[in-house]
Amino acid sequence: MTFADHFSEKSGLYAAARPTYPAALFAAIAAAAPARDRAWDCATGTGQAGLGLAAHFAHVEATDASEQQVANAAAHPRVRYTAQLAEQTDFAGATFDAVTVAQALHWFDLDRFYAEARRVLRPGGVIAAWAYDWSAVTPAVDFALERHLLVKIKPYWPEQVNRMQASFMQMPFPFAPVALPAVRIEMAWTLAQYLAYVETWSATRAYVAEHGRAVLDETEAAMRAVWGKAPIRTVTMPLHIRCGRHA
């Protein structure tokens, strides 16, 4: 089985620029899990969610279909990285207390992935998947990003991303619902850090590959004009979370 690889080419940039997730999210997942022995972070990318799980679970398996992504992941004594497809792993059955999918569920063959998740979860284990919404800084900064970049890259988003943005909370999720507290991402970023994150978007990279980097220079100039005197701004991203329990 192959996978749509939109991130390997820039895996180093991805590791440096992608946002981290709030600690409260991982604490809530751990509290809902039947034990805190083993967790699997699926499609870990460069390990952002895997590291969050390691604060609560004794052992974390963090997998990604991209060997380049896991090669750029941050090392941690309780996290083991391997390159594996979400839909087919070498894990033994009934292995994990928790399975997580951060900003990646839309890339999977859902029927095959859910079958694999049920296979490797222990009875009563939980599965949590989440996606973050559009980032926001200030109305002026948000408008500059929309006008100079978002409208241009809109046709370049993969179909899977469009589906996630439109209907993540309506995607099939065949597990008994578990309520988790509402949380959001908050990053204290400079303009350069924010632009580095924007450059990791699959649509941005596709547009730049076809048209060149002038659009990024134009976007930076427009956003710098309204960024304000403070070098660091709070960038917020609401999280949409699905959590369920395996029977």
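Things worth noting here:
- Counted residues, the stretch 31-74 - those being crowded, with 24+ Cβ neighbours inside 10 Å and without any contact (Cβ under 8 Å) to a residue 24 or more places away in the chain: 3
- Residue selected from the stretch 172-200 under the condition among the aromatic types (Phe, Trp, Tyr) and crowded, with 18+ Cβ neighbours inside 10 Å, by the criterion nearest to ALA115 (Cα to Cα): PHE175
- Residue ID - nearest to TRP157 (Cα to Cα), chosen from residues in the stretch 194-224 that are of a type in the set (S, T, N, Q) and modelled with pLDDT under 95: SER202
- Hits in the stretch 133-142 - residues which are within 24 Å of the chain's Cα centre (by Cα), at pLDDT 95 or above, of a type in the set (A, V, I, L, M, F, W, C) and surrounded by fewer than 19 Cβ atoms within 10 Å (Cβ to Cβ): ALA136
- The set of residues in the stretch 103-113 being within 18 Å of the chain's Cα centre (by Cα) and either assigned to a helix (DSSP H, G or I) or aromatic (Phe, Trp, Tyr) (or both) consists of LEU105, HIS106, TRP107, PHE108, LEU110, PHE113.
- Applying the set (1) assigned to a loop (DSSP other than H, G, I, E, B); (2) closer than 16 Å to TRP130 by Cα to ALA28 leaves exactly one unmet item: (1).
- Residues that are under 30 Å from ALA128 (Cα atoms) and not charged (D, E, K, R) within the stretch 212-247 comprise THR234, VAL235, THR236, MET237, PRO238, LEU239, HIS240, ILE241, CYS243, GLY244, HIS246, ALA247, listed in sequence order.
The values are calculated or read from the model by the stated rules, or taken from the named source; none is laboratory data. Since the model is a prediction, treat every value here as computed from it, not as a measurement. Glycine gets a Cβ as well: all are built from the backbone with ideal geometry, and neighbour counts include every protein chain shown.
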